[in-house]
C-alpha cells in the first residue's frame with residue numbers, strides 16, 4: 001500500500017470517527033433532550049448527510065490544494081510563510097489533492113452503502129448508550145455513597161458541617177419565613 005492509499009485510509013478513519021461523534025451527539029439530543037424514540041431512519045439520513053458534508057469538505061480542500069499548486073508553479077524564490085508555496089512544493093500539493101479527492105470519493109461510497117450507514121448509526125448508538133450508562137453509574141455512585149465507603153468522609157466532614165451552618169440552614173430559615181408570609185398575608 002502506497003503513501004497516498006495510507007493517507008486516504010487514515011483520512012477516511014478520521015472522517016468516520018467525526019461522523020460517528022456527530023451522530024452520537026444527535027442521538028443523545030433527540031432521544032434524551034427532546035424525548036424522542038430511537039428509530040434508525042432519521043439517524044441514517046443524518047449520518048448520510050454528515051458523510052456527504054465531510055466529503056464536500058474534502059473536495060474543497062482538494063480544490064484549494066489544486067489552486068495552491070497552480071499558484072506555486074514556477075515560483076523559485078523563498079517563501080514568506082507556511083502556506084506560501086513554491087515550485088518545489090508542487091509535488092506534495094498534487095499528492096495532497098489526490099488524498100483529499102480519495103477521501104471524498106470513499107466517504108461518498110460509504111454514504112451510498114446502506115449497510116455501512118446502518119453500521120455507523122449502530123456504533124454511534126452504542127457510544128451514546130455508553131455515555132448514558134457511565135453518567136448514570138457516576139451519579140448513582142455519588143448519590144449512593146455511604147460514609148463508611150467514602151475515604152474522604154472524615155476530612156470533608158468539617159467542611160460539610162460548615163456549609164450546612166453557613167449556607168443551608170440560613171437558606172432554609174429564609175424559605176420558611178417566606179412561606180409564613182405567604183400563608184399569613186396580614
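The values are calculated or read from the model by the stated rules, or taken from the named source; none is laboratory data. Treat the numbers as computed from the prediction; the structure is a model and nothing was measured. FYI the Cβ positions are ideal-geometry reconstructions off the backbone, even for glycines, and counts take in every protein chain you see.
Could you go through region 81-91 and let me know if any residue there is buried (at least 18 other Cβ atoms within 10 Å of the Cβ), in a loop (DSSP other than H, G, I, E, B), assigned by TED's automatic domain parsing to the domain that holds residue 130 and at pLDDT below 95.
Checked region 81-91: at least one residue is buried (at least 18 other Cβ atoms within 10 Å of the Cβ), in a loop (DSSP other than H, G, I, E, B), assigned by TED's automatic domain parsing to the domain that holds residue 130 and at pLDDT below 95.
Looking at 107, 136, which is the one that is part of a helix (DSSP H, G or I), free of Cβ contacts under 8 Å to residues at least 24 places away in the same chain and within 30 Å of residue 21 (Cβ to Cβ)?
Result of the check over 107, 136: 136.
If we keep just the residues of region 33-55 that are loosely packed, with under 13 Cβ neighbours inside 10 Å and assigned to a helix (DSSP H, G or I), which is modelled with the highest pLDDT?
Among them, the one singled out is 45.
Residue 93 is checked against (1) in contact with a helix residue (DSSP H, G or I) (Cβ under 7 Å, 6 or more places away or on another chain); (2) under 30 Å from residue 135 (Cα atoms) and fails just one. What number does that condition carry?
The failed condition is (2).
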